[in-house]
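Below is one structure, written out as structure tokens; comments come after it.
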Amino acid sequence: MKYPILLSTLLAGFLLIGATLSRKPAHPKAAKRPNIVLIMADDMGYSDLGCYGSEIPTPNLDKLAGQGVRFTQFYNAARCCPTRAALMTGLFQHQAGIGHMTREPNNRVNYDYGVDGYRGELNRNCVTLAEVLKTAGYHTYMAGKWHLGSSTPDLYPRQRGFDRYYGLLAGASSYLDPIQPRGIWLDNEPIEKVSPPFYTTDAFTDHAISFLSEQKDTQPFFLYLAFTSPHWPLHALKQDIERFRGQYRQGWDAVREQRFRKQVKAGMVPERWGISARPEIYPAFSEQDTARQREMDYRMAVYAAQIYRMDQNIGKLVDHLRKTGQLENTLLVFLSDNGACQEGGILGGGAITDINDPAKGGAVSYGGVWANASNTPFKGFKHVSYEGGIATPLIVHYPAGIRSQKGKIVSAPGYLIDIMPTFLEASGAVYPTEAKGRKIHPIEGKSLLPILANGTRQPHDYMYWEHENHRAIRFGKWKAVGVIGAPWELYDLEQDRTEQHNRAADQPDLVKKLDQQWNQWANTHHVFPKGTMKADFSNEWNFFKTAH
């Protein structure tokens, strides 16, 4: 009798093993892995949030900062497309194929310059955050501005790792009535006409929350919410604009001074830096006649309303996470893609009647004078590698992962390529060496999690930037910056982060060392893949050279 019993026991064992192997194994850290939410503002200056010095009320982001960590020395890549390429891939933008801009619908410029670093679209020698996190069992959702190429379906968010997508494949569009070819897409299909009343900031958030609500299992998720706010055109809801009209009749210089004082009081900026000088070609507010002053007040009021509405929507998303019991174990990161935008002209682009016109989707803007205030206390704007072009607010909120650093202001430097390794470490995902038969560039950044744990980490030996021939390199407290072909400028960021005192003349050996180091990086990271970059950005630099 013992043999039938033994056989039945063995058979039961085999069936148990077979059933176990047939089930998809759960990730060993599934219960502890955080949800990940990445939120990006568009063209927002360093000082435009209340917790970074602004008079614009941003209570939801301020609360996240107060319960999380605020970084004072985090950097982007100075422009929309390059920043998104570096952020999504953990590589320098040139490695991902977007050293300049992407090819856009109806663009007169073809941004494919025939070399690997400047193809105008995300290449296949990189993987996106969504692609990597999917391999670790994450659901992946995106709402908002993609701007990483859209000339073929292979470039769409769904084909680069996202389970669901709602937003703009291209760059700037009307907030009130986005139409194709710069209109809204749902997954892989264009929406020919949106239903009024419509506002992109609200719509992006509502669809992001909808994606989360539709998820039925308890696997972690990655949500990338990429607002177009406060990028031009100046489009805002009437009730939001009315909150701010009349507040900016004091002018841009007064706003800069007030923001600087608030930054100093908060311990974010030392008094010794001072405020960078207003560019000489920028007029004082008092020099404008009454009509122009009213117009400039209105332009800034609309810009402020755009940021206020974005903050309200972030609050809506956070409330959803809280009500569904997911906020405690969500790693939430907020940043801006570049410094404030001076495009459109010194006193703003477009006529005042173009503001809030749904059909006006071009550079209807608030002007370089207000962008200068948005970047308080720094010099420079979007496009350039001065601090005003590349410094971004960075807020990290992670209740389950931030204990001793809660509410801290962190001065440890970091930049975009650090986001991928941070999310990898938090999720347990593994960065690949190959994907779809193509070799993947090795990851370049370092995780920020040690900073969240104890306020510090091993810093980068060097940090590098290049966009439109404007380059920079940081080594410890020193930063060399300038246009390719012109002499380097050198600044001591500990004493002079507003870049007012060029130290190149008294540090020639250091300048030479940094020049060699930057060129070594450029020649190995597709910045100059064949020795000479074919693009010519000289026309774009005529303004910047005089403004700085």
| Restricting the stretch 213-253 to residues that are touching a strand residue (DSSP E or B) at 6+ places or on another chain (Cβ under 9 Å) and farther than 22 Å from residue 84 by Cβ, which is least open to solvent (accessible area, probe 1.4 Å)? | 220
| In this structure, is residue 185 surrounded by 23 or more Cβ atoms within 10 Å (Cβ to Cβ) and either aliphatic (A, V, I, L, M) or touching a strand residue (DSSP E or B) at 6+ places or on another chain (Cβ under 7 Å) (or both)? | no
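Please work out if residue 347 is touching a helix residue (DSSP H, G or I) at 6+ places or on another chain (Cβ under 7 Å) and open to solvent by 10 Å² or more (accessible area, probe 1.4 Å).
yes
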| remark: When the stretch 318-336 is checked residue by residue, the ones that are more than 18 Å from the chain's Cα centre (by Cα) and either in a helix (DSSP H, G or I) or not hydrophobic (A, V, I, L, M, F, W, C) (or both) are 318, 319, 320, 321, 322, 323, 324, 325, 326, 328, 329, 330
| When both residues are 6+ apart or on different chains and their Cβ atoms are under 6 Å apart, which pairs have a first residue that lies in the stretch 388-402 and is assigned to a loop (DSSP other than H, G, I, E, B), and a second that is open to solvent by 10 Å² or more (accessible area, probe 1.4 Å) and among the acidic types (Asp, Glu)? | 399/328; 400/328
| request: Output the residues belonging to the stretch 367-402 that are surrounded by fewer than 24 Cβ atoms within 10 Å (Cβ to Cβ) and under 18 Å from residue 469 (Cβ atoms). | output: 383
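Within the stretch 302-341, how many residues turn out to be of a type in the set (S, T, N, Q) and either touching a Pro at 6+ places or on another chain (Cβ under 8 Å) or open to solvent by less than 10 Å² (accessible area, probe 1.4 Å) (or both)?
The total comes to 6.
Filter the stretch 484-497 for residues that are open to solvent by 30 Å² or more (accessible area, probe 1.4 Å) and in a strand (DSSP E or B) and give the result.
Correct list: 489 only.
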| query | Restricting attention to the stretch 87-99, does a residue exist that is over 20 Å from residue 473 (Cβ atoms), of a type in the set (A, V, I, L, M, F, W, C) and open to solvent by 10 Å² or more (accessible area, probe 1.4 Å)? | reply | no
| task | With a cut-off of at least 1 residues that are among the charged types (D, E, K, R), name the strands (runs of 3 or more DSSP E) lying wholly within the stretch 112-203. | result | 139-145, 164-168
| said: Which numbered condition in (1) of a type in the set (Gly, Ala, Ser); (2) modelled with pLDDT under 95; (3) open to solvent by less than 40 Å² (accessible area, probe 1.4 Å) is the only one that residue 54 fails? | reply: (2)
| Considering residues of the stretch 59-86 that are among the polar types (S, T, N, Q) and surrounded by fewer than 24 Cβ atoms within 10 Å (Cβ to Cβ) only, the residue farthest from residue 365 (Cα to Cα) | 67
| request: Output yes when any residue across the stretch 271-285 is surrounded by fewer than 13 Cβ atoms within 10 Å (Cβ to Cβ), outside any loop (DSSP other than H, G, I, E, B) and touching a residue at least 40 places away in the same chain (Cβ under 8 Å), and no when none is. | output: yes
| request: Please work out which residue is surrounded by the most Cβ atoms within 10 Å (Cβ to Cβ), limiting yourself to the stretch 161-175 and to residues that are among the small types (Gly, Ala, Ser) and touching a Phe, Trp or Tyr at 6+ places or on another chain (Cβ under 7 Å). | output: 167
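Residues in the stretch 404-441 that are part of a loop (DSSP other than H, G, I, E, B) and more than 18 Å from residue 92 (Cα to Cα): how many?
So the count comes out to 11.
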| query | Picking from 491, 431, 462, which residue would you name as being of a type in the set (Phe, Trp, Tyr) and within 20 Å of residue 338 (Cβ to Cβ)? | reply | 491
| task | Please find, within the stretch 498-517, the residue that is most open to solvent (accessible area, probe 1.4 Å) out of those that are out of contact with any Pro (no Cβ under 8 Å at 6 or more places or on another chain) and within 18 Å of residue 375 (Cβ to Cβ). | result | 500
| field | residue 462 being of a type in the set (Ser, Thr, Tyr) and surrounded by fewer than 16 Cβ atoms within 10 Å (Cβ to Cβ) | value | yes
| task | Among residues belonging to the stretch 137-160 that are modelled with pLDDT of 95 or more, open to solvent by less than 10 Å² (accessible area, probe 1.4 Å) and among the small types (Gly, Ala, Ser), point out the one that is farthest from residue 354 (Cα to Cα). | result | 143
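The values are calculated or read from the model by the stated rules, or taken from the named source; none is laboratory data. Being a predicted model, the structure only gives us computed values, none of them experimental. Cβ atoms come from the backbone with ideal geometry, glycine included; neighbour counts cover every protein chain shown. Quick note on the areas: whole protein, heavy atoms, side chains included, nothing else; ligands and nucleic acids left out. Shrake-Rupley method; radii C 1.70, N 1.55, O 1.52, S 1.80 Å.
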